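Accompanying notes for the structure given below.
Only the coordinates and a few stated rules stand behind these numbers; no lab work does. Predicted model only: the values in this text are computed from it and were never measured. For neighbour counting, all protein chains shown are included, and Cβ atoms are generated from backbone atoms with ideal geometry for every residue, glycine included.
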Amino acid sequence: MKKLLTITLFTVIVIGVVNQQLYAQMHSSDGGHMDHSITILAEDYAFQAPNEIPSGWTTIEFTNEGNEDHFLFIAKPPEGKTFSDYASGVLTPFNNVWYALRDDGISQEDAMGKLGADLPEWFWTVEFIGGTGIIPAGATTQITLNLDPGVHILECYMKTGDGEMHNVEGMMREITVTESPSETSQPDADIAITLSNFDMNIEGDLKPGKHTFSVHVSEHPEQGFGHNVHVARVNSDTDAQEIQRYMNFMEIDGLQTPPPVQFIGGMHIIPQGETGYFTAELQPGRYLFLSEYTGHLGVMKDITIE
Amino acid sequence: MNAISAYILPLIVSGLLFAMAAVSVNNIQSSHVLENKTVAGQPVLENLSSEPGIVEVELTASKERISLKPGVETDVYAYNGQVPGPLLEASEGDSVIIRFKNDLPEKTTVHWHGLHLPFVMDGSPFHPVEPGETFTYTFRIHEGTAGTYWYHPHPHHRTAWQVGMGLYGGIIIRDPNDPLPDTLTEKLLILSDNRFDEDGEIEFAEPNSRQERVDDMNGRDGDVLFVNDEIMPELSIRSGEVQRWRIVNASGARMYRLALGHTFTHIGSDGGLFEHPKEVDEIILSNGERAELLVHGTGEPGSKVILQDLPYDRYMPMWRPSNWDETNDLLTLRYTDESPVKEPFEVPETLRKIPELNIDDATETRVMRMSNGKINSKTMDMSRVDETAELGATEIWDIRNLVGMDHPFHLHGFQFQVIDRNGEPVSQRKWKDTVNVPGFESARFIVRYDNYPGLWMFHCHILDHEDQGMMGILEVK
C-alpha cells in the first residue's frame, strides 16, 4: 500500500492531453485578501520567510530571487513532529532514494520500494497543504491558502545542476502558524480549477491578462496525498510528454534548471475538500496546465490563449 | 588590481618602519623555536630581537613527517616542524616582524586571525606566498588588543586542506596592565580534530565520494580530537588554585560545547577580556572563536575532572552524523595531592572597560544572508568587491542564517561588538571577530573601520564552506 502511495506521489506520465478553450462568467479580482499577506523569498538555496504567521486565509507573495527555478511546497507534519523530525525522517529517505537512482542506477520501481520501506509511519499522516507552482528566476507569484495552526515545513525539491535536491542544499525551513486568526477572507477568483482523481476541470474566461485561479480538490486520491497544478507557457512544437517526464522527480535530469518550458506558477498539492488560490498573468499563446497526481499518471490541459 | 595597488603605499611606509627597526636587530639565530621555553604550556617562537618593543620571529611552513597519534608517523604540513605551530607571543604596542618562508609544495598565506593590521599583512587570499618564496609580515599590536588569537593559512579553495594538514598555531597578546596577576598558572589549549586512514595518514574525502558530499555540507569533522599536540592529555591543578585557560577552536568544522563538571568563570573571548567575568556551566566555541576561562580548583586533592565536548547539534537534520549526540572527552584535569591553597584568588568584578560602539553612529546596515556555500546568493569572486565602506565609518552588519545549520561568520581586520541576537540585546559588551549564527537565527554586530583601508574578507569559518566560496570582500577606502 505504502509503495503504491509513493509511486503515485512521484510518478508522472501523461494520460491525456486535451485542447480546451474555456468560457465562463467569473471576474478577475484580488478582492480583500491583501489584508493578511506575507512575503517569502527564494534564493539558491534558501527561503527567507517569517518564523510565525497567524492562521486563516493568508496570501503568500513568493518571489524567486535566485538564478534557478523554484517552487514553494508546504507540508504540515502531524502534531508533535518538528522541523528536525521532518528533515531527518522524511527528507533523508527521499534523498537516499534519489542518490540510489542517480548514482547507483536502481530502477524507479526499486527506488519506490526502498522509499516506502524507509519512510516513518507518521509520514502517511503528513498533510500537504499547498504552495506555488514552479516559477523562474526573477518571477513573482501569489497564492492564498487557509492555514491551520501548527508547524509547517517550506521546501523546494527541484534539483541543482549537480543533481542535488534544493531542500537538501538548505531550501527547507519551518514556519509556525499560530492560533491567532487572521480576519481575512479568501479572494474572488475568475478562473476555477477543480481537480479530481481522473480529471482537471477548468472554468472561466481564459483571456490575456492577470487572473486569480481557484484550485479545488474534489476527491482525495485513492493513492496519494492530494492534487496540484503547474502552469507552463509552451511553444507550438513543445512535446507535452517531455514536460511530464521533466516534472518527475525521479528522472535524472528532472526538475533541473533550465526547464524545457517557462513555468509561471500554479498551486502545489492540496488535499481533498480544500481550495487554494494563485495568480498568474497570461499572454496570448499556448499553455499547459499540468496536474501531476490526478489519475494514476497525471493529467494535462493544453490551452491556447487568444 | 587598481583597488589592490591602492594599498601598496601604506605597505611601503609600514615596511620602511619595520626595516629600520630590523636593522638594529642583532644575533639573528637560525633556531625558530626557543629550546625548552614554553609559554602557557606551549613551545613559543623565539624573539630574535633584543630591542624592546620588537618581536621578530621566523616561521616556516613545510611538509614534515611527525607523530600526531602515538606510535604512528604521519605526513603533515607544519609550522616550524610542529603541529600546532609554536606560539607567537607579543604585547600591546609591540612591532611584530614575522619572517615567513613557504617550504610547502603549494602556495599558502599566514592569516593572523583577529588581529587589527594592514590589509597587505592580513594573509588573505590576495597575498599568496608561492612555494619556496618568503614574505615578511610586519604589523603593530594596537592598545586594547590583548587577548588570545591564532594563525592559520588562508589560500582560496585550500584553507580546509592546509589547516587539516596541520597548519595552525596560537597567539597570545599581553596587556602590560593585565588585571589578572601573572602568578596564575596559564594554559593555552588549541582544540582540533582530524581523520586518519588505516595507515595513519590524514584522510580527506575522495573526490566525488559520498563522504565528500557530507564534508561539503557539514564541514570535515574529525573523529580524533586533539588538545594541542596530544590526545586526551592530562593537566594538573592544585585544590583551591585558579588557573587561566585560553582556548582556541582551530577545528575546520567541529564546534565545541565545553564543560568541566563544575562551573568556571568566563572572562574573555575573541578580542580579549570581558568587562565583567561570568560564571557559566559550559560554553560553545565555534570555529575560529577563542575563550578565556578561569578554572577554579574546587575538587579534592587527588581527584580528577574531565574537560568534555558535550553534544551540540549544529547540523541540518538530514546531514546530522549518527554520533552527533555523543560526548567527547578532551582532557583530564588531575588534582595534585598537595593540600588546598589557603588563600583562594578572588576574581575582580571588573576586568576592563570596553568602549561602546554607538548604534547612533552607524551610517549603514549591511545584510548578510547566509545559505549553504553562499553569502547573499553569491560565491566568492576574487575580482569582485561585494561591499564598500568608508574608512572610519561605523556600521551595523545584520547576519541572517537562512538555513538549518550553524554558520560562524568571521570578518577580517576589525573587531566588532555583537549587539543583538534574534532581536534580543546581548547581555555583555565584548570584542569579537567571529560570531556563530545557529540555523534560522540572526545576529547583528556593530563595527568601526579604523586605521586600515583594504580589501577585507568576510566568510563562514567552517573552512570547507569558506573554500566553497562562502566568502565575500569588503572594501574599506
Worksheet item: If amide H atoms are built 1.01 Å from N in the plane of the peptide, which residues on other chains or at least 5 residues away come under 5 Å of the amide H of A:ASP205?
Response: A:ALA24, A:MET26
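How high is the FRET efficiency from A:GLU281 to B:GLN428, r the C-beta distance, R0 41 Å, rounded to 0.05? Show your work: numbers first, answer last.
Details: r = 53 Å, r/R0 = 1.29.
Result of the calculation: an efficiency of 0.20.
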Worksheet item: Taking one equal scatterer on every alpha-carbon of chain A, how large is log10 of I(q)/I(0) by Debye at q = 0.09 1/Å?
Response: -0.40
Discussion item. Over the Cα atoms, compute the radius of gyration (one decimal) and Dmax (the largest Cα-Cα distance, rounded to a whole number) for the stretch B:143-224, in Å.
Written reply: 17.7, 53
Discussion item. Using a 10 Å cut-off around each Cβ of peptide B:373-382, what is the average number of partner chain Cβ atoms that fall inside?
Written reply: 2
Worksheet item: Using the eigenvalues of the Cα gyration tensor, what equivalent ellipsoid semi-axes result for chain B when each is taken as the square root of five times the eigenvalue, whole Å, largest first?
Response: 30, 27, 25
Practice prompt. Using only alpha carbon positions, build the gyration tensor of the stretch B:174-219, then give the equivalent ellipsoid semi-axes as the square roots of 5 times its eigenvalues, largest first, whole angstrom.
Written response: 42, 14, 7
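So for the stretch A:192-249, considering every pair of alpha-carbon atoms, how many percent are separated by more than 16 Å?
Working: 949 of 1653 pairs.
Within the stretch A:192-249, distances greater than 16 Å cover 57 percent of Cα pairs.
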Item to complete: Sort largest first and round to whole Å: the equivalent ellipsoid semi-axes of the stretch B:404-477, each the square root of five times a Cα gyration tensor eigenvalue.
Response: 20, 19, 8
Response to the item:
Only helices counted: for chain A, with every DSSP H run of 4 or more residues adding -39500 (n - 2.57) and the sum spread over all residues, [θ] at 222 nm is -4500 deg cm²/dmol
Fill in: Reduced Cα scattering model of the stretch B:336-477, Debye log10 I(q)/I(0), q = 0.21 Å⁻¹
-1.33
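So how strong a dipole does chain A carry about its Cα centre when Lys and Arg Cβ are +1 and Asp and Glu Cβ are -1, to the nearest 20 debye? Could you put the intermediate results ahead of the total?
Working: 14 positive and 43 negative charges, 77 e Å.
So the magnitude is around 380 debye.
Given 25 °C and 0.890 mPa s, how large is the Stokes-Einstein diffusion coefficient of the protein assembly as shown in µm²/s, with Rh as the Kirkwood radius over Cα pairs? It would help to have the intermediate numbers written out before the result.
Values: Rh = 28.8 Å.
Answer from the Stokes-Einstein relation: 85 µm²/s.
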Discussion item. Past the 19 angstrom mark, what percentage of all C-alpha to C-alpha distances in the stretch B:58-207 do you count?
Written reply: 55
Discussion item. How would B:THR394, A:THR39, B:THR108 line up from fewest to most surrounding beta-carbon atoms within 10 angstrom?
Written reply: A:THR39, B:THR394, B:THR108
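Compute for the stretch B:306-391: radius of gyration divided by Kirkwood radius, i.e. Rg/Rh, restricted to C-alpha atoms, rounded to two decimals. Before the final figure, lay out the partial values.
Working: Rg = 23.5 Å, Rh = 20.2 Å.
For the stretch B:306-391, the value is 1.16.
I need to check one value: relative contact order of chain B, counting alpha carbon pairs closer than 8 Å and at least 6 residues apart, in percent.
Values: 1256 pairs, mean separation 64.5, N = 477.
That works out to 14 percent.
What net charge do the residues around A:GLU179 carry, taking every other residue with its C-beta under 12 Å from that of A:GLU179, with Lys and Arg at +1 and Asp and Glu at -1?
Details: positive: none; negative: A:GLU52, A:ASP148.
Charge balance in the 12 Å sphere: -2.
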Worksheet entry | Across A:LYS159/B:LYS378; A:LYS159/B:LYS107; B:LYS63/B:LYS378; B:LYS304/B:LYS342, pairs whose alpha-carbon gap is larger than 24 Å | A:LYS159/B:LYS107; B:LYS63/B:LYS378
Worksheet, complete the sentence: Full extension between B:THR38 and B:ASP398 adds, at 0.36 nm per residue less the Cα distance, a length in nm of 125.5 nm
